[in-house]
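Undergrad: Handing you this structure, nothing more for now.
No lab work stands behind these numbers, since they all come straight from the coordinates. In this text the structure is predicted, and so the values were computed from the model without any measurement. No Cβ is skipped: glycine too gets one built from the backbone with ideal geometry, and neighbour counts run over all protein chains shown.
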Amino acid sequence: MEVKGKHYRTIWVDNDSPHIVKIIDQTLLPFEFSIKQISTCAEMVLAIKDMHVRGAGLIGAAGAYGMYLAAGEATQDAEFFMDHIRGSAKRLKQSRPTAINLEWAVNRVLRVIERAEGFSGKVKAAFQEAQKIADEDADSGRKIGVSGLPLIENASRQKKGQTVNILTHCNAGWLALVDYGTALSPVYAAHKKGVNVHVWVDETRPRNQGAFLTAWELSQAGVPHTIITDNEGGLLMQKNSVDMVIVGSDRTTHTGDVANKIGTYLKALAAADNNIPFYVAVYSSSFDWHISDGLKDIPIEQRCDEEVRFITGLDESGKKTRVAIVPAESPVSNYSFDVTPAKFVTALITDRGICNADKESIASLFPDKINKQ
Ligand code: MRU
């Protein structure tokens, strides 16, 4: 995607500095656009944990590049090499537990390293696989845009060209993947085609991915949008101001239950009560092909209480400031994701087309994945 006229991915390696992985530092947006350099696997683990990179697809790619860095820094002793690689894989996978892309991508590079011959062969193979994962991620985002565009075009036709109002939660745009995004990819495709769209952006407390990241992304692309508090969506739906909801997913069971940013479930309930389509944009590496009951089996990340206790923004003089917003003595809870049961999902928008959020329909689009179980 473009930032001030220049194309960026969210993570990349430059030819002239192949031992450094570069990322857009998402902890600084929207106030500062800055590139951060990562040169060790330990730094990558921290970048994922502290959300310098975030979003299911991007943390998958970051995990893959983390494995490449681990291979480069491992000692050239066969036994210690694989110890370091396996330990690094474990630390990367543990850095954030809910999005399955991370585990999937790290395991994929791990397998390639195990199979490759010689130290330099292993490093080379890790690099090639990480690049492949990043390319596939971006391409899947692009394809989700192609799959989801007709839904927005149909809504536009039904409204005789009037603006289609789409509500989204968290950030499931290009910042959440390597490029294009999931939920926002069809929105970008529609906007590019001249369809009138407007996005209601949930601010998404406590990390404000909506207010900070989605709003910034949409501004860069010139897509009309409005930031709303997390609690406003229900009223907007009752007032007929929302035509559809599109969200992303961090882990979708092969039966259609969807884990996504905390608060997604409440939007699904409100959408169901108001007969508004609730779409989830998801691609093959965000599916969990091994579990059937999302509520029971998807691990839900709990993050530190500081995220709820403090908020960071610019003060009146434009200086970045962090302030407390709750009584210091009050306990807080901070679950980062929730699970929306499949029955509330109108359809899944995938890189292979649209399907219902149920086992049969998902299997019909992804027979190759199901058969591997
Ligand atoms: O905690 P985050 O910011 O990593 O959470 C991201 C989300 O919940 C996105 O909606 C999700 O990754 C889907 S888009 C790939």
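Undergrad: Identify, among Leu218, Thr255, Asn154, the residue whose Cα sits farthest towards the positive end of the charge dipole of region 143-370, taking +1 on the Cβ of Lys and Arg and -1 on the Cβ of Asp and Glu, with the dipole about the Cα centre.
TA: Asn154
Undergrad: Sticking with this structure for a sec: Run the quick spin-label model on Thr163 and Ile325: label points 7 Å from Cα toward the beta carbon, then report their separation in nm to one decimal.
TA: In this crude spin-label approximation the distance works out to 2.5 nm.
Undergrad: While we're looking at this one, here's another question. What's the lysine pair count for region 239-373 at a Cα cut-off below 27 Å, pairs eight or more apart or interchain?
TA: Close lysine pairs under the 27 Å cut-off: 20.
Undergrad: Moving on to the next point. Rounding to the nearest 20 debye, state how big the charge dipole of region 2-137 is about its Cα centre with +1 on each Lys and Arg Cβ and -1 on each Asp and Glu Cβ.
TA: So the dipole magnitude of region 2-137 works out to roughly 300 debye.
Undergrad: Sort Arg108, Arg96, Arg352, Arg54 so that the residue with the fewest other Cβ atoms within 10 Å of its own Cβ comes first and the one with the most comes last.
TA: Exposure proxy ranking, most exposed first: Arg352, Arg108, Arg54, Arg96.
Undergrad: With point charges of +1 on the Cβ of Lys and Arg and -1 on the Cβ of Asp and Glu, referenced to the Cα centre of region 143-370, which listed residue (Leu184, Gly234, Tyr265) lies farthest in the positive direction of the dipole?
TA: Final value for the positive-end residue is Leu184.
Undergrad: Which one, Gly313, Gly148, Gly55, has the greatest fluctuation when you compute a Gaussian network model over the chain with C-alpha springs under 10 angstrom?
TA: Looking only at Gly313, Gly148, Gly55, the biggest GNM fluctuation is shown by Gly313.
Undergrad: Just need the relative contact order of region 143-370 here, percent rounded to a whole number, with Cα pairs under 8 Å and 6+ apart.
TA: Averaging sequence separation for qualifying contacts and normalising by length gives 21 percent for region 143-370.
Undergrad: Arranged from highest to lowest average of other beta-carbon atoms within 10 Å per residue, in what order do the peptides 215-223, 240-248, 339-347 appear?
TA: In decreasing order of mean packing, 215-223, 240-248, 339-347 become 240-248, 339-347, 215-223.
Undergrad: Another question about this same structure. What lysines could a cross-link reach from Lys22, if we take a straight Cα to Cα line under 23 Å and drop same-chain neighbours fewer than 8 places away?
TA: Answer for Lys22, where 23 Å is the Cα cut-off: Lys4, Lys6, Lys36, Lys49, Lys90, Lys93, Lys122, Lys124, Lys132, listed by chain and number.
Undergrad: If we count other beta carbons within 10 Å of each Cβ, what is the order of Ser317, Ser284, Ser120, fewest first?
TA: Exposure proxy ranking, most exposed first: Ser317, Ser120, Ser284.
Undergrad: Taking the chain as a Gaussian network, where each spring joins two C-alpha atoms under 10 Å apart, which residue of Leu102, Leu235, Leu69 fluctuates the most?
TA: Its mean-square fluctuation being the largest, the pick is Leu235.
Undergrad: For the chain, set up a Gaussian network in which alpha carbons nearer than 10 Å are linked by springs, and say which option among His191, His52, His290 fluctuates the most.
TA: His290
Undergrad: Taking θ = phi - 60°, what integer Hz values does the Karplus form 6.51 cos²θ - 1.76 cosθ + 1.60 yield along region 259-270, in sequence order, with x for Gly and Pro?
TA: Residue by residue, region 259-270 yields 8, 8, 3, 3, x, 4, 4, 5, 5, 5, 5, 5 Hz.
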